[in-house]
Amino acid sequence: MRAVLSIGSNMDDRVELLCTVFTEFREDIVAASPVYATPPWGVTDQDEFLNAVLIVDVDESPKELLRRGQKLEEAAERVRVRHWGPRTLDVDIVDIEGYTSDDPELTVPHPYAHERAFVLIPWLAADGGARLSGEGVAKRVAALDPKERADIRRLGMMEEL
């Protein structure tokens, strides 16, 4: 199963926390985006995030993949204090090839991915031909507010940081 994971952190050692996801999925990674510095989304009175996208091929079910990401979040001592608030680590399943779900526990494709530059820009960098719900991610990026696109800064590949 091929899946797109969006990962982010805006607390503690952000690079090290993202590295835990790269390490966990090292055998499964098909493509990885650079790491980007991104402004907070939704709740703006918090530090900027580091975000990246991993495209992985895994042999597990969607729910097993969800649990794998949640274990990484738990290991990073993620606490959900407020919606869209600061977090040590976020591992979101954005899309799974050939799979859709409206289950509240795992909604695929991610219900907000289409409007979030911090997901779309890294995803496009990892896969120039990426599609979300039948539409090219490049088209979705072009439709975003130009300021939102401009506020996202490429820092480099994970191994460079």
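Here, each number is a calculation from the coordinates, and none is a lab measurement. Note that the structure is a prediction, hence the values are computed from the model and not measured. Cβ placement follows ideal geometry from the backbone for every residue including glycine, while neighbour counts extend to all protein chains displayed.
Considering only 23, 141, 54, the residue lying farthest towards the positive end of the dipole of the range 5-161 is 141, judged by Cα position with unit charges set on Cβ.
At most 14 other Cβ atoms within 10 Å and a DSSP loop assignment: could you name the trypsin sites (Lys or Arg not before Pro) in the range 63-161 that fit?
Numbers: sites: 63, 67, 68, 71, 78, 80, 82, 87, 116, 131, 139, 140, 147, 149, 153, 154; in loops: 78, 80, 82, 87, 116.
Those satisfying the criteria are 80, 82.
Specify whether the C-alpha gyration tensor of the range 27-70 places it in the rounded, prolate or oblate class, a ≥ b ≥ c being the square roots of the eigenvalues: rounded for a/c under 1.5, otherwise prolate if a/b is larger than b/c and oblate if not. Verdict is oblate for the range 27-70. Amide H to amide H, with H built 1.01 Å from N, residue 11 comes under 5 Å of 87, counting only residues 5 or more places away or on other chains. Computing FRET efficiency as 1/(1 + (r/R0)^6) for residue 2 and residue 37, where r is the C-beta to C-beta distance and R0 is 22 Å, gives about 0.20. Distance between the 7 Å Cα→Cβ label points at residue 142 and residue 22: 3.1 nm. Across the range 122-161 the C-alpha pair distances fall into 5 Å bins from zero in the proportions 6, 20, 24, 23, 17, 9, 2 percent. The lysines whose alpha-carbon is closer than 29 Å to the alpha-carbon of residue 63, local same-chain residues fewer than 8 away aside, are 71. A simple spin-label model places the labels of residue 64 and residue 161 2.9 nm from each other, with each point 7 Å out along Cα-to-Cβ.
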